[in-house]
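Novice: Just passing along the structure, written as structure tokens.
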Amino acid sequence: MDVASVLCMNPPGDGKRSYANNSLLQRITISKSKPFLVETTKNMIRSMKRSSSSVNGGWPACFRVADLGCSSGPNTLQVISEIINTIDDDIICNQQKDDRDHHDPEIQVFLNDLPTNDFNSVLKEVPAFYNQRDKNKLRCFVSAVAGSFYGRLFPKESLDFVHSSTSLHWLSKVPDYINEENKGKIYIAHSSPPNVYKAYKEQFEKDFSNFLRLRCEEMKAGGCMLLILVGRRIPHPSASKYFSPFWDLLATSLMDLVAKGLVKEDDINSFNMPCYTPYKEEVREIIEKEGSFNLDKLETLEVNWDLREAIEIGEENFVLNENQSGQIISDYIRAIAESILVHHFGEAIIDSLFKTYSEHITEYLHFHNPKHVNILLSMTKK
Ligand code: SAH
């Protein structure tokens, strides 16, 4: 499977099945990690000011920021807003008026995703975004960049700040040589042979190292990168019966469809998800080994599966209803994985699959209190 040409979050045209309508989990993650983003941005500003005696106190005439894996929902512009507000408060408001008249800094924003992404839906929101920004002094220019972040996307040494949230768990491909070994599973499971975990771990190491090397080429010296990775709590698959309950239960649901004669077992045996949820120490090791960046901060952030934090972040339409949590999670996984599942299994099974899946999730939630684990990282280009 060529992930870059198949993977696509469900577009806004899919209505209640769209990523835009099923990305509250990612929005909660972004909202809860706001202090991390603000602190990282302020530290970057401080270090830029320290390292230069030029006009604008080391601040470039045009500050360039990229959000990689922006998708087709509202979250990306929320992140960009936070970055601009922080810069605006810190730089522009503290600047002498004379300075400002001569060197009004500007900001260029690049929103990146795979070419399959529905960029139009994000770009339609840009005029409203500009209007809201009128209160800021910083002029902002938004554009879209289609391509894989596992290839070069920007000219050399052109970016000041790179951001990416909940995107880097998508691998460039399914690791080689695991299909035959991982029968009845679609990801690393407690009962998968050890080679499966090893193959996934190595593929992530290859992809993430490549990502770091490419961004290092594209970023200016001293540039800053903030990543939010979907991670895991346990270091090794043997440590828990459920290594990744999302995918374990989706595999169980597919097997249910085999029993009903709707899916061939061989089709499950030849399918594995092209994603990996690293343990925080794995990420640290890769960054240190690859060597292009100094890791400034690494934290983890947990969000409940039932998304009860939505209330804390002021999502007015969210009503916590334990009986609906299974359905919400099932819709969320459908919005991100439907393109890949349709590519392999065909469209006809999708409704039945996610009906069964939501029942399995509901049952799982009766006995467990699972949390999504996110790894927050900030680093500086050496
Ligand atoms: N950052 C957004 C979207 C997260 S969903 C948010 O927080 O809501 C993950 C996104 O990563 C998807 O839109 C997917 O298409 C994108 N993605 C996955 N692999 C990618 C790659 N190799 N290059 C660019 N984008 C990728």
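Novice: Any idea which of (1) in a strand (DSSP E or B); (2) open to solvent by 30 Å² or more (accessible area, probe 1.4 Å) is the one residue 163 doesn't satisfy?
Specialist: Of (1) in a strand (DSSP E or B); (2) open to solvent by 30 Å² or more (accessible area, probe 1.4 Å), only one is false for residue 163: (2).
Novice: Could you list, ordered by first residue, the pairs with Cβ atoms under 6 Å in which the first is in segment 1-24 and within 14 Å of residue 120 (Cα to Cα) and the second is within 11 Å of the ligand (Cβ to nearest atom) and among the charged types (D, E, K, R), at least 6 apart or interchain?
Specialist: As it stands, the answer is 11/118, since those pairs meet every condition given.
Novice: Sticking with this structure for a sec: Name the single residue, out of those in segment 120-151 being in a strand (DSSP E or B) and within 16 Å of the ligand (Cβ to nearest atom), that is farthest from residue 89 (Cα to Cα).
Specialist: 146
Novice: Then there is this: What tally of residues in segment 211-247 results from selecting those that are within 22 Å of the chain's Cα centre (by Cα) and either at pLDDT 95 or above or hydrophobic (A, V, I, L, M, F, W, C) (or both)?
Specialist: Residues in segment 211-247 being within 22 Å of the chain's Cα centre (by Cα) and either at pLDDT 95 or above or hydrophobic (A, V, I, L, M, F, W, C) (or both): 21 in total.
Novice: Exactly one condition in (1) surrounded by fewer than 15 Cβ atoms within 10 Å (Cβ to Cβ); (2) in contact with a Pro (Cβ under 9 Å, 6 or more places away or on another chain) is not met by residue 208; state its number.
Specialist: All conditions pass for residue 208, except number (1).
Novice: Note down all Cβ pairs under 9 Å where the first residue falls in segment 294-320 and is under 18 Å from residue 226 (Cβ atoms), the second is open to solvent by 60 Å² or more (accessible area, probe 1.4 Å) and assigned to a strand (DSSP E or B), and they're at least six residues apart or on different chains.
Specialist: From residues that are under 18 Å from residue 226 (Cβ atoms), the pairs are 303/371.
Novice: Mind listing whichever residues of segment 11-23 are within 10 Å of the ligand (Cβ to nearest atom) and either open to solvent by 70 Å² or more (accessible area, probe 1.4 Å) or part of a loop (DSSP other than H, G, I, E, B) (or both)?
Specialist: Of everything in segment 11-23, those that are within 10 Å of the ligand (Cβ to nearest atom) and either open to solvent by 70 Å² or more (accessible area, probe 1.4 Å) or part of a loop (DSSP other than H, G, I, E, B) (or both) turn out to be 19, 23.
Novice: Inside segment 225-246, can you point out the residues that are closer than 23 Å to residue 378 by Cβ and either among the small types (Gly, Ala, Ser) or open to solvent by 10 Å² or more (accessible area, probe 1.4 Å) (or both)? Please lay out each step first, then the result.
Specialist: If we filter segment 225-246 for residues that are closer than 23 Å to residue 378 by Cβ, which is where we start, we get 225-233, 235.
Within segment 225-246, 230, 231, 232, 233, 235 meet the criteria.
Novice: Report yes if residue 202 is among the acidic types (Asp, Glu), under 30 Å from residue 292 (Cβ atoms) and open to solvent by 40 Å² or more (accessible area, probe 1.4 Å), otherwise no.
Specialist: Spelling it out, residue 202 is indeed among the acidic types (Asp, Glu), under 30 Å from residue 292 (Cβ atoms) and open to solvent by 40 Å² or more (accessible area, probe 1.4 Å).
Residues are listed down the side, and each one gets a yes or a no for (1) modelled with pLDDT of 95 or more; (2) not polar (S, T, N, Q):
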{"position": "256", "(1), (2)": "yes, yes"}
{"position": "274", "(1), (2)": "yes, yes"}
{"position": "280", "(1), (2)": "yes, yes"}
{"position": "288", "(1), (2)": "yes, yes"}
{"position": "296", "(1), (2)": "yes, yes"}
{"position": "300", "(1), (2)": "yes, no"}
{"position": "305", "(1), (2)": "no, yes"}
{"position": "318", "(1), (2)": "no, yes"}
{"position": "322", "(1), (2)": "no, yes"}
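Novice: Give just the number: which of (1) away from the ligand (no atom under 14 Å from the Cβ); (2) part of a helix (DSSP H, G or I) does residue 211 not satisfy?
Specialist: Result: residue 211 fails condition (1) only.
Novice: Turning to a different aspect of this structure: Would you mind stating whether residue 117 is open to solvent by less than 20 Å² (accessible area, probe 1.4 Å), out of contact with any Lys or Arg (no Cβ under 9 Å at 6 or more places or on another chain), near the ligand (Cβ under 8 Å from one of its atoms) and not in a loop (DSSP other than H, G, I, E, B)?
Specialist: no
To keep it simple, each residue is scored yes or no on (1) open to solvent by 40 Å² or more (accessible area, probe 1.4 Å); (2) near the ligand (Cβ under 10 Å from one of its atoms).
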| site | (1), (2) |
| --- | --- |
| 2 | yes, no |
| 25 | no, yes |
| 48 | no, no |
| 73 | no, yes |
| 81 | no, no |
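Novice: Select from segment 176-195 the residues that are without any contact (Cβ under 8 Å) to a residue 60 or more places away in the chain, part of a helix (DSSP H, G or I) and surrounded by 14 or more Cβ atoms within 10 Å (Cβ to Cβ) and list them in ascending order.
Specialist: Listed by number, the list holds a single entry, 181.
The values are calculated or read from the model by the stated rules, or taken from the named source; none is laboratory data. All values reported here derive from a predicted model rather than from experimental measurement. Methodologically, a virtual Cβ is constructed for each residue, glycine included, from the backbone with ideal geometry; neighbour enumeration extends over all protein chains shown. Surface accessibility is based on the protein's heavy atoms, side chains included, excluding ligands, DNA and RNA. Shrake-Rupley method; radii C 1.70, N 1.55, O 1.52, S 1.80 Å.
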